[in-house]
Amino acid sequence: MFRRRQRLGSMDDRSVAEAAARAEWIERAAHCDLMTCGGSPVLQRRLGLSVAHCGPSLVLRSRGIDSLLFNRSFGLEDSMPDAVPLADSVVARFRAQAIPRYFVHLPAATQSDALRRHLHALGLSRYPRSWHVLVRERESLATGPLSQRVERASRRDAAAVAALMVSGFDMPEAAGSLIAAAVGAPRWHTYVVRDTAGEATAALLMHVDAELAHITLMSTVSTYRRRGAQRELLERAVSVALDLGCQQISAETGEPVSGEANPAHELLERTSFRVVRVRENWAPHGTRWHAAPSARAAL
């Protein structure tokens, strides 16, 4: 784990808090937009998607996609005077749809353990790995030499992009329909790396709203990793966001763990992203990242 000074560079506490708030706003917007499936109510019903507000908390649920990426809540903090009843409401939302695996995000930089004790009493435990929220502001972008064929994806690429993300994040096949619907949709910028045959071997999804952008998903076919594809995708996305006038670009990835490689985090740092928030992930006891094999089948 990086020390606070190292992670936040020259940003003061107020700047960090403001950057984190902007990052959460655009991330919420991106996920809400993604859950609309490109405006398809049929697909929303088939996947059992819902977006609910519990006070300041946002609860994302997908009864048809057993994935922690699509079943989680934002905005719960122990500094809130009603944090405990709010936690009850958030957890009840997941239980009402019999969702077995979900994350309740909780900022790590908090003082009280009362909310954590209450979450534990509700049957949740702290997941072993926290997530980092990183942001990049409008500093200049130093790009490396291009060696890949990077293009903006079209609707024809939707299935390939979905397959890349499903495989890269070990999602159930049902999640592919949700991701495919975002390719070519308003506010979504999707880029792919193609091989010599024109097939997509890596992809990135970015959501842009007003002056903020959020890197939502990025994945590469296993046989094409370590060739610089993700670096070039990320540089393209950052360049586009800057050209569009975005004041801040955000992303989320797992925290570095001693003894484990973390190429996504290292790439973001090399591209001038810095950590502004650490999220503890609280989940039902025994939760693992991988879905049960039965949950990976298409609906």
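If we scan the range 256-267, do we find a residue that is touching a strand residue (DSSP E or B) at 6+ places or on another chain (Cβ under 6 Å), assigned by TED's automatic domain parsing to the domain that holds TRP188 and either in contact (Cβ under 8 Å) with a residue 12 or more places away in the chain or farther than 27 Å from PRO128 by Cα (or both)?
Scanning the range 256-267, I find at least one residue that is touching a strand residue (DSSP E or B) at 6+ places or on another chain (Cβ under 6 Å), assigned by TED's automatic domain parsing to the domain that holds TRP188 and either in contact (Cβ under 8 Å) with a residue 12 or more places away in the chain or farther than 27 Å from PRO128 by Cα (or both), so the answer is yes.
Search the range 225-252 for residues that are in the same structural domain as ARG270 (by TED's automatic domain parsing) and pair each with any residue that is surrounded by fewer than 20 Cβ atoms within 10 Å (Cβ to Cβ) and assigned to a helix (DSSP H, G or I) when their beta-carbon atoms are under 7 Å apart and the residues are at least 6 apart or on different chains.
Going by the 7 Å Cβ cut-off, the qualifying pairs are GLN230/LEU267; ARG231/LEU267; LEU234/LEU267; GLN248/ARG22.
Residue check: is LEU204 closer than 22 Å to LEU69 by Cβ and modelled with pLDDT of 95 or more?
Yes, satisfied.
Could you go through the range 275-288 and let me know if any residue there is surrounded by fewer than 20 Cβ atoms within 10 Å (Cβ to Cβ), at pLDDT 90 or above, of a type outside the set (Lys, Arg) and assigned to a helix (DSSP H, G or I).
There is no residue in the range 275-288 that is surrounded by fewer than 20 Cβ atoms within 10 Å (Cβ to Cβ), at pLDDT 90 or above, of a type outside the set (Lys, Arg) and assigned to a helix (DSSP H, G or I).
Per-residue answers, yes or no, for (1) small (Gly, Ala, Ser); (2) closer than 17 Å to VAL240 by Cα:
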position	(1), (2)
ARG129	no, no
GLU137	no, yes
VAL150	no, yes
ARG155	no, no
ALA158	yes, no
GLU173	no, no
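If SER57 satisfies all but one of (1) buried (at least 21 other Cβ atoms within 10 Å of the Cβ); (2) touching a Pro at 6+ places or on another chain (Cβ under 9 Å), what's the number of the condition it fails?
So SER57 meets the others, but not (2).
Checking the structure you have, find out if any residue of the range 49-65 is among the hydroxyl-bearing types (Ser, Thr, Tyr), farther than 20 Å from VAL276 by Cα and in the same structural domain as CYS37 (by TED's automatic domain parsing).
yes
Please go through (1) in the same structural domain as GLY245 (by TED's automatic domain parsing); (2) surrounded by 13 or more Cβ atoms within 10 Å (Cβ to Cβ) for SER125 and return the number of the only condition it doesn't satisfy.
(1)
Tell me whether the range 196-217 contains one or more residues that are among the β-branched types (Val, Ile, Thr), more than 30 Å from SER15 (Cβ to Cβ) and either not assigned by TED's automatic domain parsing to the domain that holds ALA160 or not in a strand (DSSP E or B) (or both).
yes
Condition check ((1) crowded, with 22+ Cβ neighbours inside 10 Å; (2) among the hydroxyl-bearing types (Ser, Thr, Tyr); (3) at pLDDT 95 or above) across all residues:
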position	(1), (2), (3)
ASP88	no, no, yes
SER112	no, yes, no
LEU115	no, no, no
HIS120	no, no, yes
VAL135	yes, no, yes
SER140	no, yes, no
ALA160	no, no, yes
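Under the condition of being in contact with an Asp or Glu (Cβ under 8 Å, 6 or more places away or on another chain) and at pLDDT 95 or above, which residue from the range 217-248 is nearest to ARG129 (Cα to Cα)?
Among those that are in contact with an Asp or Glu (Cβ under 8 Å, 6 or more places away or on another chain) and at pLDDT 95 or above, it is GLN248.
Answer with yes or no whether LEU178 is in contact (Cβ under 8 Å) with a residue 40 or more places away in the chain, over 13 Å from LEU204 (Cα atoms), surrounded by 18 or more Cβ atoms within 10 Å (Cβ to Cβ) and in the same structural domain as ALA92 (by TED's automatic domain parsing).
The answer is no for LEU178.
The values are calculated or read from the model by the stated rules, or taken from the named source; none is laboratory data. Quick caveat, the model's predicted, so the values are computed rather than measured. Here Cβ is always computed from backbone atoms with ideal geometry, including for glycine, and neighbour counts include all displayed protein chains.
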